[in-house]
1. Per the helix-only calculation at 222 nm, which mean residue ellipticity applies to the chain, given -39500 (n - 2.57) for every DSSP H run of n ≥ 4 and division by its residues, nearest 500 deg cm²/dmol?
2. Based on the alpha carbon coordinates of the chain, what radius of gyration and maximum Cα-Cα distance (Dmax) apply, in Å?
3. Counting other Cβ atoms within 10 Å, which GluC sites (Glu not before Pro) in region 273-354 have at most 14 and lie in a DSSP loop?
4. For region 215-354, what is the convex hull volume of the alpha-carbon atoms per residue, in Å³?
5. Tell me, Kirkwood radius of region 1-92 from alpha-carbon pair distances, in Å?
6. How are the C-alpha pair distances of region 88-165 spread across 5 Å bins, as whole percents from the shortest bin up?
7. Trypsin sites (Lys or Arg not before Pro) within region 306-354: which are DSSP loop residues with at most 16 other Cβ atoms inside 10 Å?
8. Each label point is 7 Å from the Cα along the Cα-to-Cβ direction; what then is the distance between the points at Gln4 and His144, in nm?
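Laboratory data are not the source of any read-out in this text; all were calculated from the coordinates shown. None of the values given here were measured: they were computed from a predicted structure. Backbone-built Cβ (ideal geometry, glycine too); neighbour counts: all protein chains shown.
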Amino acid sequence: MAGQQRAHTFCDRFGMQLPVVQAPMAGSSPPELAAAVAEAGGMGAAGVLLDTPDRIAAWADRFRARSSGPFQLNVWIPERTGTNPGRRRQLTEEARTFLGRFGTPGAPAASEPPVFQEQCEAMLAARPTVVSSIMGLFEPAYVHRLHDKDIAWFACATTLDEALAAQEAGADAIVAQGMEAGGHRGSFDQEKAEHTNVGLFALLPWFADHLRVPIVAAGGIADGRGVAAALALGASAVQVGTALLRCPEAGTSPEWRASLNGLAPDATMTTRAYTGRLARAAPTAYLKAWSEPGAAVPAPFPDQLRLVSQWRRGNASGMDPAGHWAGQSAALATEKPAGQVVTEMWREARELLA
């Protein structure tokens, strides 16, 4: 019963009826998906990495037109240090040359990428239930401003050192991200991300024995069995992403949905070929090309992301139109409506925990 009691306390605090948080997947979190999860009693989400302030405001308005439930907005923390400039230029040119095998690029982006500080201000103005971070920590002054507006801060962590640093910095909950998770790995030091390779069910009790704040379990959870196991090991809630990507509200492409169908856990790949930062995805011809002998090393973030975006705007064959992010539980994802997915998840978990 301890797991259910933690879940109940967490839900009461954040205005939820069931302890399932949608993962804030940048580019894959339309308001329709978030609202469906919130209306079912969970927490909706959006990743705003690629969004300008006006798009952040518009997303929040569209969500609130569909639901009065809780939601989170998430952003990546900029790197404090980066690749040596000379080495960065070399890697970027080598990646550019390698991308030539997929066709010709389009024109460079007509606008500059969103400014992190402006995104942070827009998230404050949107007043979500939660603002969350990945790949680092917010500055103390920003955390104070969040709390002054009664906005909670969830910090993603992949190691205990990261989690303790986030707790000390004022995080209201820690999202414990196991290596099974789809999408980008939340390691604070991205140069060491490949070596931050701990499974969620080893991470959870380790975190639970050392943290005071609630833990949200993320990575490889796609049904009630995973929810029950996470709560039994010390989590107060779970965060799910891949489990929702085949839902009609997600708006993912037919190709992406098909790549998840029956995908074995060991068939997913970790790669930097989409953005320059480590992420887990379904295998595609594009990703496999980057792992061949003699392939170029992807450029650092955000250079690789800009290059890939430019090729997608051009005449590129054999390149995925979008990253087919996939966690190791992808085969459990179904095409049911999102609200039904999270409701069934929690019902099954309660039966197992009882």
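1. On the way: 13 runs with 135 residues, N = 354.
Calculated from helices alone, the mean residue ellipticity at 222 nm is -11500 deg cm²/dmol.
2. 19.3, 59
3. Details: sites: Glu335, Glu344, Glu348, Glu351; in loops: Glu335.
Hits after loop and neighbour filter: Glu335.
4. Working: hull volume 17.3 nm³, N = 140.
Per-residue hull volume (Cα only) is 124 Å³.
5. Details: mean 1/r = 0.0667 Å⁻¹.
Answer for region 1-92: a Kirkwood hydrodynamic radius of 15.0 Å.
6. Percent of pairs per bin, in order: 3, 11, 16, 15, 12, 10, 12, 12, 8, 2, 0.
7. Values: sites: Arg306, Arg312, Arg313, Arg347, Arg350; in loops: Arg313.
When the trypsin sites (Lys or Arg not before Pro) of region 306-354 are filtered for loop state and at most 16 Cβ neighbours within 10 Å, Arg313 remain.
8. 4.3
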